[in-house]
Each structure stands twice: as structure tokens, then as C-alpha cells.
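Single-structure report; data block below.
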Amino acid sequence: MQPQAFDLNDIFHEPSDEQLDALMEEVAAAARRHSQSAREQLMLRLRAEITAIKLPSRAGK
């Protein structure tokens, strides 16, 4: 069951505990999605930079 929508700017009607719980779950899910996306982008850049490093040749040893 979806909790009834509410307006956080409404100072006369407080949201119920269920509505606040649902809001916190939505915020946490959005934060997890954002952090996963940022982590994936960071790993792609890191791999690209590691791949681009030109190591000195060891032919002289």
C-alpha cells in the first residue's frame, strides 16, 4: 500500500510516520543509485588512466 502523498512545506499538517518512513526509503534508494553510478564512473576513469600509463622499457636489464 502506497502512503498518501504529502507536502513537506505544509507547516499545518505533519506527515505520518509511515509517510516519513517511505520518504526516507526513497531518499536512501536514490542515494544508493547515485553512489553506484559515481563508483562505476570512477572505476572506468581509473582503469583508463592505468591503461594509459606508459611504463619504462626493461630491455636494458
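Structural remarks
- The angle between the Cα long axis of helix 17-52 and the longest principal axis of the Cα atoms of the chain comes to about 10 degrees, rounded to the nearest 10.
- Globularity index of the chain, i.e. its alpha-carbon radius of gyration over 2.2 N^0.38 Å: 2.28
- Of the peptides 8-16, 47-55, the ranking by mean beta-carbon count within 10 Å, highest at the top, reads 8-16, 47-55.
- Carbon/sulfur fraction of accessible area - the stretch 3-46, other protein chains in place, 1.4 Å, %: 58
- Averaged over its residues, the chain has an accessible area of 102 Å² per residue, based on protein heavy atoms and a 1.4 Å probe.
The values are calculated or read from the model by the stated rules, or taken from the named source; none is laboratory data. Since the structure is predicted, the reported quantities are computational estimates derived from the model, not experimental observations. We place every Cβ from the backbone using ideal geometry, glycine too, and count neighbours over all the protein chains shown. The protein model used for the area step is the full one, side chains on, heavy atoms only, and it has no ligands, DNA or RNA in it. Shrake-Rupley method; radii C 1.70, N 1.55, O 1.52, S 1.80 Å.
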